[in-house]
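The values are calculated or read from the model by the stated rules, or taken from the named source; none is laboratory data. What you see is a predicted model, and the numbers here were worked out from it, not measured in a lab. Reconstructed Cβ throughout: ideal geometry from the backbone, glycine too, with neighbour counts over all protein chains shown.
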Amino acid sequence: MDESAELAVSSEIVERNIFGSLPDSRLVQRDFALRFPLDTGKVGKLKNRSEGRSHPSTTPESLFPYYLNNYEVTKRHLEELTRELGRPIRVLEIGCGTGWGSRFLSDNLPGSEVVATNRVLNEKDREILDTARSTFSKDGLTFEEADATKLGEQYSQGDFDAVVMLEVIEHIPQEEHSRVFQQVAEVLKPGGAILISTPSGEGYGQTKSGPQSKDHVWIYGSRRDVETELSPSFVGLEVNRIVNRTHTQTFGRNAIRQHFYSLGFIKAPESMFGQYKYEKGNNLIDDKHVREQDTSTWIAVARKPKEVS
């Protein structure tokens, strides 16, 4: 069997396998790359580490499943909510990055409306939002500027059936988290759903919540910490963990390195997490991640309490 195929990341739901099989991420990635070709001259400008997701054409095949799985699990929850309500739904995405995941959700929720947002702090952020808008917009999918700490100033109370935050909260200072969740609760309809994904501290060998890097300003180290943060504003909380695991035991460090070389990466002199990193354009992969680390993600789902009649 071709070695590069074997080196693709496998994924599984840990502790509670309620979602069934996950999609073939390579097919999804190639589909997006074909349908929405990216001007390679903009690759460097589109890599927005604060949002955590770049265009599928610029995301290494080893990392794309990490992002796609979060969207796939979210999509299935939103489909369930649509069936429960018996109608199309209105979804707010906070921190949509370059927008491909927003398009994935919208394409799989026919008739529903997705409002995808980014916070804009500088010209780079503005270009990323403009590119998302020009590349992925369609009927039922719009891209807007929004601040997660001020949602109530921009949207009406009870404006949305669901709010999605995938790989975002770890980039927000911990002292602002409660404010963010209060704002989410304000714009949700009674009984509306919040869906969050955020890196698990366990994937970084971090069992206590706290800062992890200059990009991840706050990592939740345990399920209990996630529950504690969300429980003041939401009910019916369910927290699961997804693990994205490379086949390092089969092929080892050198084979994996050669796989990245074959994809056009080169070893860079700088270090990340005390290891090597690989670069292709402005995309970075740390060697520790690809050869020995389980990258795990908390997936939290909860509801805004229904109004008491």
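Within segment 157-172, identify whether any single residue is part of a strand (DSSP E or B) and surrounded by fewer than 22 Cβ atoms within 10 Å (Cβ to Cβ), and answer yes or no.
Within segment 157-172 (the criterion being part of a strand (DSSP E or B) and surrounded by fewer than 22 Cβ atoms within 10 Å (Cβ to Cβ)), the answer is no, since none of the residues qualifies.
Which one of R53, R76 is modelled with pLDDT of 85 or more and either among the hydroxyl-bearing types (S, T, Y) or within 28 Å of V301 (Cβ to Cβ) (or both)?
Only one candidate passes the filter, namely R76.
Kindly indicate whether any position in segment 69-89 is of a type in the set (A, V, I, L, M, F, W, C), under 15 Å from the mean Cα position of the chain (by Cα) and not in a helix (DSSP H, G or I).
no
Return yes or no: is I89 of a type in the set (A, V, I, L, M, F, W, C), assigned by TED's automatic domain parsing to the domain that holds G152, crowded, with 16+ Cβ neighbours inside 10 Å and modelled with pLDDT of 90 or more?
Taking the combined requirement at face value, the residue satisfies it.
Which one is nearest to V184 (Cα to Cα), of the residues in segment 107-144 that are of a type in the set (G, A, S) and surrounded by fewer than 14 Cβ atoms within 10 Å (Cβ to Cβ)?
This residue is G111.
Please enumerate the residues belonging to segment 92-127 that are part of a helix (DSSP H, G or I) and over 19 Å from Q154 (Cβ atoms).
W100, G101, R103, F104, L105, S106, D107, E123, K124, E127
Looking at G205, G236, G192, which one is touching a helix residue (DSSP H, G or I) at 6+ places or on another chain (Cβ under 9 Å) and modelled with pLDDT of 60 or more?
G192
Which count do you get for residues in segment 221-233 that are modelled with pLDDT of 90 or more and crowded, with 16+ Cβ neighbours inside 10 Å?
6
What about L151, is it touching a residue at least 60 places away in the same chain (Cβ under 8 Å), over 15 Å from the mean Cα position of the chain (by Cα), within 17 Å of A185 (Cβ to Cβ) and part of a helix (DSSP H, G or I)?
So L151 fails the test.
Out of (1) β-branched (V, I, T); (2) touching a Phe, Trp or Tyr at 6+ places or on another chain (Cβ under 8 Å); (3) farther than 17 Å from N70 by Cβ, what's the single condition that is false for T198?
(3)
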